[in-house]
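> Can you read through this structure? Questions will come right after.
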Amino acid sequence: MFRDLADIENEALKEIEAIQDASGLEKIRIKYLGRRGIITDIMSRLPELAPEQRPRIGKQANDLKVKLIGFISERQRNLKTQTSAEKKQDLDLTLPGIRQEIGHKHPITQTIERICDIFVSIGFKIVEGPEIETEYNNFTALNIPIDHPSRDAFDTFYLETENQKLLLRSHTSPVQIRAMKKYKPPLAVVVPGKVYRPDAVDASHSFMFYQVEGFFVDEDVKFSDLKGILTHFAKKMFGQDIKMRFRPHFFPFTEPSAEVDISCIICKGKGCSACGRKGWLEILGAGMIHPAVFEHVGYDAKKFTPLEKSIKKIGKKENSLTGLTGFAFGMGVDRIAMLKYGINDIRLFYENDLRFLRQF
Ligand code: DAH
């Protein structure tokens, strides 16, 4: 009447061992232990047996049921650990990770930081000033005469204001005025920042660019101090072999003034297309701060002009005259970055093209 329970057990064990997935295992459980399963069916038909057979077959069927429940749940556990082990095998620890895009500093920022670091390392402090300036700070206090061409609206962006003449600063030199008014000498300051000029944009001009201004005010500052400091700067910036040349020039806020060249970093001074066959590249303007500037900031200029001091020294034969003197310089950051990195178009700095910016 019933199939042999041992046969049923063998068959069920084979199926349970062979099965590879949880849903297949569930089907096996239903086949044997479900409401209409093979074991359930046997149990429900026990009353059909002869009374003396019932307890033995009933017990065997029940034992088999308990066994199958045990086998099935064990197989279930094995299948779970197997699948997570398989998943672990999929993880290749030698594969490179997913790269996180991390930004970096703009080449202009890097150049400003390099320039300032060199001066800070020899005792200069960084001071910043506003990009919107008064006409007085940008021109008048810097001894720039009222009819100077740089004051023209073609060369400076003026802002329309009712009572005060404001403008976008055309150089960082007005921060000399701000710093000298705010602090007492000795003063060694560098000023990085944006400046604006209404130039037509081309490979070497931009309506906005960067400068670093520098100045030093103390007793008995000499032109040789300026030369020494700038030579130190150029060697740190461009390399120990660099040569410098000071050409006489005119700036209203310094006297004497000079334009400073370095030996061409591409041809090493022999002459090439980058330096226009001259062997020299202009990098900055500089000079001894004009007494008129000191006067505007309330420093006692008369006592301090280098010329007067020399005359006094000769006249009075005294060599311990003290008084404030100073030097100043200003450089274009964009130009220096272009020279340093070999870039031939200033517009590349401001177009935000990642193919360019990623190279620095
Ligand atoms: N302000 C000048 C310019 O924008 C650069 C300059 C020249 C700054 C000589 C100075 C200096 O401090 O002494 O062209």
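> Under the rule that an exposed site lies in a DSSP loop and has at most 16 other Cβ atoms within 10 Å, name the longest stretch of the chain with no GluC sites (Glu not before Pro) of that kind, not counting the sites themselves.
Result for the longest clean stretch: 163-317.
> Let me ask something else. Classify segment 17-68 from the C-alpha gyration tensor, please: rounded if a/c falls under 1.5, else prolate or oblate depending on whether a/b exceeds b/c.
It comes out prolate by the Cα gyration axes.
> Which trypsin sites (Lys or Arg not before Pro) in segment 1-57 pass both tests, a DSSP loop state and at most 10 other beta-carbon atoms within 10 Å?
Those that pass, being in a loop and sparsely packed, are R3, R35, R36.
> Once both labels are modelled 7 Å past Cα along the beta-carbon direction, what's the N352-E52 spacing in nm?
Calculated label separation equals 9.9 nm.
> Let me ask you something else. Please give, to one decimal in nm, the separation of the simple spin-label points placed at K278 and S84, each 7 Å out from Cα toward the Cβ.
With each label placed 7 Å out from Cα toward Cβ, I get 7.5 nm.
> Return the unpartnered cysteines for the chain, using a Cβ-Cβ cut-off of under 4.7 Å.
Those would be C116, since no other cysteine Cβ in the chain comes under 4.7 Å of theirs.
> Count the net charge of all other residues whose Cβ sits under 10 Å from the Cβ of I242, scoring Lys and Arg as +1 and Asp and Glu as -1.
+3
> Next up: Which stretch or stretches of segment 126-157 have amide N atoms under 13 Å from the point lying 7 Å from D199's Cα along the Cα→Cβ direction?
155-156
> At 222 nm, what value in deg cm²/dmol follows for the chain if DSSP H runs of at least 4 each add -39500 (n - 2.57) and the sum is divided by all its residues, to the nearest 500?
-12500 deg cm²/dmol
> Which percent of Cα-Cα pairs in the chain sits in each 20 Å bin, short to long?
Binned Cα distances yield the sequence 22, 33, 9, 8, 15, 11, 2, 0.
> How much length, in nm to one decimal, is gained on full extension between R36 and K59, taken as 0.36 nm per residue of separation minus their Cα-Cα distance?
6.4 nm
> A further question on this structure: Hey, which of these cross-link pairs are over 30 Å Cα-Cα: K182/K340; K14/K80; K67/K88; K105/K222; K65/K87; K125/K268?
Pairs exceeding the cut-off: K182/K340; K67/K88; K105/K222; K65/K87; K125/K268.
> Calculate, for D300 and E101, the FRET efficiency according to 1/(1 + (r/R0)^6) with r their C-beta to C-beta distance and R0 51 Å; round to the nearest 0.05.
Result of the calculation: an efficiency of 0.35.
> Which net charge results when you count Lys and Arg as +1 and Asp and Glu as -1 among the other residues whose beta-carbon is under 14 Å from that of C116?
0
No value in this document is a laboratory result; all are computed from the given coordinates. In this text the structure is predicted, and so the values were computed from the model without any measurement. Counting neighbours? That spans all protein chains shown, and the Cβs are built from the backbone with ideal geometry, glycine included.
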